[in-house]
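Scroll down for the structure; my scribbles are underneath it.
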C-alpha cells in the first residue's frame with residue numbers, strides 16, 4: 001500500500017468529477033426519495049408531499065428548484081382556474097431509473113430498518 | 001392529479017424507508033467517491049486521501065467510521081512496525097458496485113462539468 005503523496009497503484013485516477021457531482025446531487029437530503037416518487041409520471045407538488053412521509057414543503061420546494069436548474073425536472077404551469085403546477089422528470093431525470101433500481105435492490109438486500 | 005391528502009394514484013406507497021436510508025447513506029458528502037475509490041481492493045487511509053482530491057482527513061475519518069458502523073467497511077490493523085490500518089469493503093459494501101456503475105454511466109451521459 002502506498003503512502004501519502006503516492007500515485008494510485010493502478011496508475012489511473014479513481015476520482016471522476018462527473019460521478020462526484022451526480023452522487024452529491026442525488027444524495028442530497030430527500031433527493032433520492034423525490035426522484036423515485038416522480039418516476040411513475042408527472043405530478044403536482046402536493047402529490048409528492050403525500051407520497052413522501054416526513055418531507056416538508058420547504059425542502060420539497062428546494063429540491064425541485066435544484067432539479068429544475070440541473071435539468072432533471074420540467075415544471076409546467078397548467079392554466080386554471082385553479083392554476084396547477086406539474087412536475088415531470090426530463091429525459092436526464094428519467095435516466096436515473098437504473099440507478100434507483102440498483103440502489104433499491106441493494107437496500108432490499110442489505111439495509112435493516 | 002390529486003390534491004393534498006389524497007392517496008397516491010397507483011394505490012401503492014412509492015416511499016421505501018430502506019431505499020431512503022441507502023440513498024442518504026451513499027449520498028453523504030464524499031461517500032460515493034470514497035466507496036468508488038475502495039472498489040479495487042483494501043486500502044490505507046492515505047491512499048484514499050490521495051485518490052480523492054479535495055477530501056480532508058477529518059471527513060474521510062468520519063465517513064469511514066460511518067461505513068464501519070453501517071457494515072460497509074471492514075477496518076483491519078496490520079501489526080508493524082509501522083502499524084498500518086487497512087480499509088476494505090465488506091460484502092455489503094461491494095454490493096454497491098452496480099449502483100456505482102449505473103450512476104457513473106448516468107454521470108458520463110448527463111453531467112456537464
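We did not get these values from a lab; they are worked out from the coordinates using the rules stated. These figures come from a predicted structure and were not determined experimentally. Cβ placement follows ideal geometry from the backbone for every residue including glycine, while neighbour counts extend to all protein chains displayed.
Key figures
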{"quantity": "Other copies of residue B:56: label-to-label distances in nm, shortest first, labels 7 Å along the beta-carbon direction", "calculated": "2.5"}
{"quantity": "Crossing angle, helix B:97-110 versus chain B [Cα axis fit, 0-90 degrees, rounded to tens]", "calculated": "70 degrees"}
{"quantity": "19 Å reach of a label modelled at residue A:56, 7 Å along Cα-to-Cβ, counting backbone N of region A:25-42", "calculated": "A:28-34"}
{"quantity": "Where labels lie 7 Å past Cα in the beta-carbon direction, separation of residue B:88 and residue B:74 in nm", "calculated": "0.5 nm"}
{"quantity": "For the axis carrying chain A to chain B: nearest C-beta residue of A, whole Å", "calculated": "A:27, 1"}
{"quantity": "Across the identical copies, how the residue B:74 labels are spaced - nm, sorted shortest first, 7 Å along Cα→Cβ", "calculated": "4.9"}
{"quantity": "Position residue B:42, label points 7 Å along Cα→Cβ, spacing to each other copy in nm (shortest first, one decimal)", "calculated": "5.6"}
{"quantity": "Candidates A:45, A:67, A:19, ranked by Gaussian network fluctuation over chain A, Cα under 10 Å, top entry", "calculated": "A:19"}
{"quantity": "Acute angle (nearest 10 degrees) that the helix B:57-69 long axis makes with the longest principal axis of chain B, alpha-carbon atoms", "calculated": "70 degrees"}
{"quantity": "Approximate shape of the protein assembly as shown as ellipsoid semi-axes (Cα gyration tensor, √5λ), whole Å, largest first", "calculated": "38, 18, 13"}
{"quantity": "Euclidean distance of C-alpha centroids, region A:36-100 and region B:34-65, integer Å", "calculated": "34 Å"}
{"quantity": "Per-residue mean of C-beta atoms belonging to partner chains within 10 Å, peptide A:49-55", "calculated": "5"}
{"quantity": "Shielding by partners - mean other protein chain Cβ count within 10 Å, residues of A:66-74", "calculated": "1"}
{"quantity": "Average beta carbon contacts from partner chains per residue of A:22-35, 10 Å cutoff", "calculated": "6"}
{"quantity": "Candidates A:83, A:23, A:73: whichever shows maximal mean-square fluctuation once chain A is modelled as a Gaussian network with Cα springs under 10 Å", "calculated": "A:83"}
